[in-house]
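Take a look at the structure set out below.
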Protein chains: 4
Amino acid sequence: MKKITLLIHCKDQKGIIASVTNFILQNSGNTTYIDQHVDAQENVFFMRLECVFDQATFNTENFKNEFGKKIGKPFEMQWQLHPATQKLQMAIFVSKYDHCLYDILGRYNTGELNVHIPFIISNHRELEHIAANFNIPFYHIPVTKDTKDAVEKEQLELLKEHQVDFIVLARYMQIITSTVINEYPNKIINIHHSFLPAFVGAKPYHAAFARGVKIIGTTSHYVTEELDAGPIIEQDTIRVTHSNTIPDLIAKGRDLEKIVLSRAIKLHAQHKCFVYKNKTIIFT
Amino acid sequence: MKKITLLIHCKDQKGIIASVTNFILQNSGNTTYIDQHVDAQENVFFMRLECVFDQATFNTENFKNEFGKKIGKPFEMQWQLHPATQKLQMAIFVSKYDHCLYDILGRYNTGELNVHIPFIISNHRELEHIAANFNIPFYHIPVTKDTKDAVEKEQLELLKEHQVDFIVLARYMQIITSTVINEYPNKIINIHHSFLPAFVGAKPYHAAFARGVKIIGTTSHYVTEELDAGPIIEQDTIRVTHSNTIPDLIAKGRDLEKIVLSRAIKLHAQHKCFVYKNKTIIFT
Amino acid sequence: MKKITLLIHCKDQKGIIASVTNFILQNSGNTTYIDQHVDAQENVFFMRLECVFDQATFNTENFKNEFGKKIGKPFEMQWQLHPATQKLQMAIFVSKYDHCLYDILGRYNTGELNVHIPFIISNHRELEHIAANFNIPFYHIPVTKDTKDAVEKEQLELLKEHQVDFIVLARYMQIITSTVINEYPNKIINIHHSFLPAFVGAKPYHAAFARGVKIIGTTSHYVTEELDAGPIIEQDTIRVTHSNTIPDLIAKGRDLEKIVLSRAIKLHAQHKCFVYKNKTIIFT
Amino acid sequence: MKKITLLIHCKDQKGIIASVTNFILQNSGNTTYIDQHVDAQENVFFMRLECVFDQATFNTENFKNEFGKKIGKPFEMQWQLHPATQKLQMAIFVSKYDHCLYDILGRYNTGELNVHIPFIISNHRELEHIAANFNIPFYHIPVTKDTKDAVEKEQLELLKEHQVDFIVLARYMQIITSTVINEYPNKIINIHHSFLPAFVGAKPYHAAFARGVKIIGTTSHYVTEELDAGPIIEQDTIRVTHSNTIPDLIAKGRDLEKIVLSRAIKLHAQHKCFVYKNKTIIFT
């Protein structure tokens, strides 16, 4: 069986589900799972379908042509098709913190993440031994104010060369500029160590401590040009008390960061995130 | 617009989604929302559809006949159709505890629950004033060992007379026997004050205290003949510590009981619960 | 046995715990429970003690005099003494939303809250029937821009007359000005329907929806002159998804508001909240 | 400054806190933090004190002698003294699952755990490379039914040789017998992948799936001779749905297991767990 995932969005209108599932049936396929959502404010329909076809007779290019002509065009859809067997190429950027990296690679080893990791980039050498232990190529690319531009070009070359599909900033302590963002729109996943929109920017645990909050949070979001303001993929929170110091908050936060970032990676890798007007639709 | 909800389950097979949505389209309707699930072990397909039709031309009986003939029969489906405007009749059974009752009636007043409450039954008079404050008929039907049988018959008469669709046991401290259960299969919702299957039966907070658990829970489930063993609809948990006494557990538990029972009521009232072989499929 | 609670804070220094507990022992008392905290940044020591004395021989005024002279003065303490039997007088202010009011009064009836409620004030009549059902005096005091000043004076008179210890704003949709705040510093508890400091001010659920957060929260805090910026007592959060509309967020939020406000009331009523420099120390 | 932790339990009686803190003060020390608990059913008092002394003049042996004579004996206390600088020796036992091991070693590297890890024991070789990457000695000690007895003796020798204080079973898939348990009473920490007391024994995720629970949990407890029945240190839970397969439960459970086991390790390493009659008092 050939399994594919279809992602669709278009103006909400009558007959979309029936037409798409019927087209699949007429092409000897079967729809096995549908998620859908209507944004009532924007009048937009979103759908994610999983369907299966006969391996012997299914031709992806033919299907795409026919689908585009008979369904995509009439409904004025934006759509994508992803074969289930095709793992996304996921690059990891890190600096010196190792907790997210260990967590991601541990899950990668267990087969929990449906991705392939072609390499890890870091502006420091501290985590090189981890990459080695997991047999993943490691590129040490230091960054300074003056070299920022050249560095991003070097990064882009590596990304293109390995046909990277999306980038994970696993506590990469550098701003990503539009040079890279524009090449990977809604394809760079960051983990910000606060419950956004509270405590945007640097040192959010210090800010949370100063405000005396009773709960801290972590947010995974797509990177856009405005700092920590991109579409939110996933968040989680944990209780803190007056007796927790800033290092305590940082330690508690590490547990959140690992889990929230990994959830976001899984959702993206399974094509379960739509982005529309700076918000996400997440099919879980 | 006429809005209906369709509930379907049948052997998993090719073409179900396409056939159903296409049938709706051919009958001038539009499928607006689908939830579905395949139980891979049992090879059973479950689907809940929301669809809309033209108020002027839609005829429910005709639709049911046609759907049964052209879709239900060929696919050997079990199916139900519920008009969205039709509120279920929900009876409440209570004893002396008022927290769940206040919570349900508060939500009822706010319009949060898509039900109509024709009456409250209690084996005590303590909560009669609450029923009065919310203008809901209250039947005081005391129960003793000897009158149990007669009482259940009296209850059944009231339930039939008001065409009750489902029953909520809001801390009703009496066993329901098969006399009532058989008339309301998977239509009696209980709240058990433990995280089932731990601490079945009486005094679960005492048992939780004795075991020294660090978290207590609450479970809402459909009533079956085996005590506290019916299909689970919803559960939730809360932390406790060594310093919590049994009354503390009871007080913390009250908050859980209220919320978990109300969630179960909402799910049932919106036809979002399927029961299959003592487990539930819950479309949220 | 006569049970009292002592609240103490002073510059951190050697021998505080030993001196206080020894003083209690020498006065024929016994310390049964201690909570303490050192704010290392500010070098301030906070302590809450529960102790018991012989009912027959204990004289509160004598104890206070001696304690002040021998312990309070030498350590330059701020301290308070509260007999355990003395329930605080708690006034409730509401507008039209009933969920927090029902929740508070339900707990009040169960004996869960260690307070006495002398009256409820509202700028509307909608909730008067609830006050009546629970046999609590209800004062309808409408507010307009022009009458605001007179209204607050009328409220203050009622508060004084009933010797109110603290005020709970159970979704009271009016700004409290310094006229009242200055008379009740750190004694007015508000419930704000966002996870502060995110979404300060009006319509936080709308703001949360617009930002596309995956979790919403609620915050209970002491009222200060700066809006929604007072010391935080308690917070909690709940998950939301892209499919939740603004009314869904409001409904989910109601459950949080009830629980978070009640927790804050209990903490305050048991003298478990210290306020220091716009942050709280909460002994749970 | 010399910092020590005192752990005390004895029959509840008057003057304990005052006497202990006063004794510390008279020995030129200062009590900086107290946790205490009275088990009202058993009439037992538990206390954990942190106190500081002058490094130059403090003599641990003298202090212990004096404390035993003047406080321990008169109050008939069970007590222990732990210098804060003294890290416990923690042995890890594993089989083939790596998630808990990675998590523990990641935290160990960050300095989050106040322990020293002298070695890892495993009945398999699969995780040897992880031990190597973290520079921790690894002993491969295979186990069969016939060698069980000899194996436990070999393990005990290693434990004694390295003066191991407590043992962590990080998903070690072997039963520990009384041979080892009796040498390490309440000093062997296990992680059981269910919300105990639900689903004792093998394959708890399969049992949870079969029962159709909506929440799964994990429990860390001290190992006693009765399987999965020892004193509970920590638990946590996570939501599951009808759509989660058994592998999904296992994957979700891994996240819980890591966090719950690490919390239990931290509590034990900081001497924050008392065990009394198969329940724990946990000072957090």
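The values are calculated or read from the model by the stated rules, or taken from the named source; none is laboratory data. All figures in this text were calculated on a predicted structure; none of them were measured in a lab. When we count neighbours, we look across all protein chains shown, and the Cβ atoms used for this are built from the backbone with ideal geometry, even at glycine. All accessible areas refer to the heavy atoms of the entire protein, side chains included, with ligands and DNA or RNA removed. Shrake-Rupley method; radii C 1.70, N 1.55, O 1.52, S 1.80 Å.
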- Item | A:Lys69-A:Leu227 pseudo-label distance in nm [points 7 Å out on the Cα-to-Cβ vector] | 5.2 nm
- Note on the structure: Between the Cα axis of helix B:99-110 and the main Cα principal axis of chain B, the angle (0 to 90°, nearest 10) is 40 degrees
- Query: Under a point spin-label approximation (7 Å from Cα along Cα-to-Cβ), what is the C:Ile238-C:Ala210 distance to one decimal in nm?
  - Reply: 2.3 nm
- For segment C:121-215, build the charge dipole from Cβ charges (+1 Lys, Arg; -1 Asp, Glu) around the Cα centre, then report which of C:Phe209, C:Asn123, C:His140 sits farthest towards its positive end. C:Phe209
- For segment B:203-219, state which residues have at least 20 Å² less accessible area in the presence of all protein chains than in their chain by itself, taking the probe as 1.4 Å and leaving out ligands, DNA and RNA. B:Phe209, B:Arg211, B:Gly212, B:Val213, B:Lys214, B:Ile215
- Query: Based on the Cβ-Cβ distance of B:Thr179 and B:Thr85, what FRET efficiency does E = 1/(1 + (r/R0)^6) give at R0 = 41 Å, to the nearest 0.05?
  - Reply: 0.80
- At a probe radius of 1.4 Å, figure out the D/C buried accessible area, summed over both chains, and give it in Å² to the nearest 100. 1400 Å²
- Over chain A, what is the percentage of antiparallel beta bridges among all DSSP beta bridges, to the nearest 5? 75 percent
- Message: Just to confirm the numbers: A:Leu156, label point 7 angstrom along the Cα-Cβ line, distances to the other copies in nm, shortest first?
- Response: 6.6, 6.8, 7.8
- Message: Leaving out ligands, DNA and RNA, and with a 1.4 Å probe, what % of the accessible surface on chain B is carbon or sulfur?
- Response: 49 percent
- Note on the structure: If labels are modelled 7 Å from Cα along the Cβ direction, D:Ala84 lies from its partners in the other copies at nm distances, smallest first, of 3.2, 5.7, 6.3
- Note on the structure: For A:Tyr139, other-chain or 5+-apart residues with amide H closer than 5 Å (H placed, Pro excluded) are A:Ile120, A:Ile121, A:Ser122
- Message: A 20 angstrom limit on the alpha carbon distance is what I want to check against. Which of A:Lys3/A:Lys160; B:Lys252/C:Lys272; B:Lys272/D:Lys252; A:Lys279/B:Lys272; C:Lys87/C:Lys160 exceed it?
- Response: A:Lys3/A:Lys160; B:Lys272/D:Lys252; A:Lys279/B:Lys272
- Task: Work out the length of the dipole vector of chain B about its Cα centre, built from +1 on the beta-carbon of each Lys and Arg and -1 on the beta-carbon of each Asp and Glu, and round it to the nearest 20 debye.
- Result: 500 debye
- Query: What does the helix-only formula give at 222 nm for chain C: each DSSP H stretch with n ≥ 4 adding -39500 (n - 2.57), the total divided by the residues, and the result rounded to the nearest 500 deg cm²/dmol?
  - Reply: -9000 deg cm²/dmol
- Query: What whole number of Å gives the distance from the Cα centroid of segment C:42-79 to the Cα centroid of segment D:200-251?
  - Reply: 49 Å
- Query: If r is the Cβ-Cβ distance from A:Asn109 to A:Asp146 and R0 is 30 Å, what FRET efficiency results, to the nearest 0.05?
  - Reply: 0.20
- Message: Can you list the copy-to-copy distances for B:Lys3, using a point 7 angstrom from Cα toward Cβ, in nanometres, shortest first?
- Response: 3.4, 5.2, 5.9
- Where a ≥ b ≥ c are root eigenvalues of the Cα gyration tensor, a/c under 1.5 meaning rounded, otherwise prolate if a/b exceeds b/c and oblate otherwise, segment A:202-260 counts as prolate
- In this model, which of B:Lys11/D:Lys203; A:Lys266/D:Lys277; A:Lys64/A:Lys258 are farther than 32 Å apart at the alpha-carbon? A:Lys266/D:Lys277; A:Lys64/A:Lys258
- Note on the structure: Largest-first ranking of A:Ser243, D:Ser122 by accessible area, probe 1.4 Å, whole protein assembly kept, is A:Ser243, D:Ser122
- About its Cα centre, what dipole magnitude does the protein assembly as shown give when the only charges are +1 on Lys and Arg Cβ and -1 on Asp and Glu Cβ, stated in debye to the nearest 20? 0 debye
- Item | Cα gyration tensor category, rounded, prolate or oblate, for chain A with a/c compared to 1.5 | prolate
- segment D:1-63, dipole about Cα centre (Lys/Arg Cβ +1, Asp/Glu Cβ -1), debye to the nearest 20: 120 debye
- Item | segment D:126-270, accessible area per residue, ligands and nucleic acids excluded (1.4 Å, Å²) | 40 Å²
- Message: Calculate the FRET efficiency for D:Gln78 and A:Lys203 from the Cβ-Cβ distance with a Förster distance of 56 Å, rounded to the nearest 0.05.
- Response: 0.80
- Residues along segment A:55-103 losing 10 Å² or more of accessible surface when the other protein chains are present rather than the chain by itself (probe 1.4 Å): A:Asp98, A:Tyr102, A:Asp103
- Kindly identify the protein assembly as shown as rounded, prolate or oblate by the Cα gyration tensor criterion: order the square roots of the eigenvalues as a ≥ b ≥ c, call it rounded if a/c is under 1.5, otherwise compare a/b with b/c, prolate if a/b is larger, else oblate. oblate
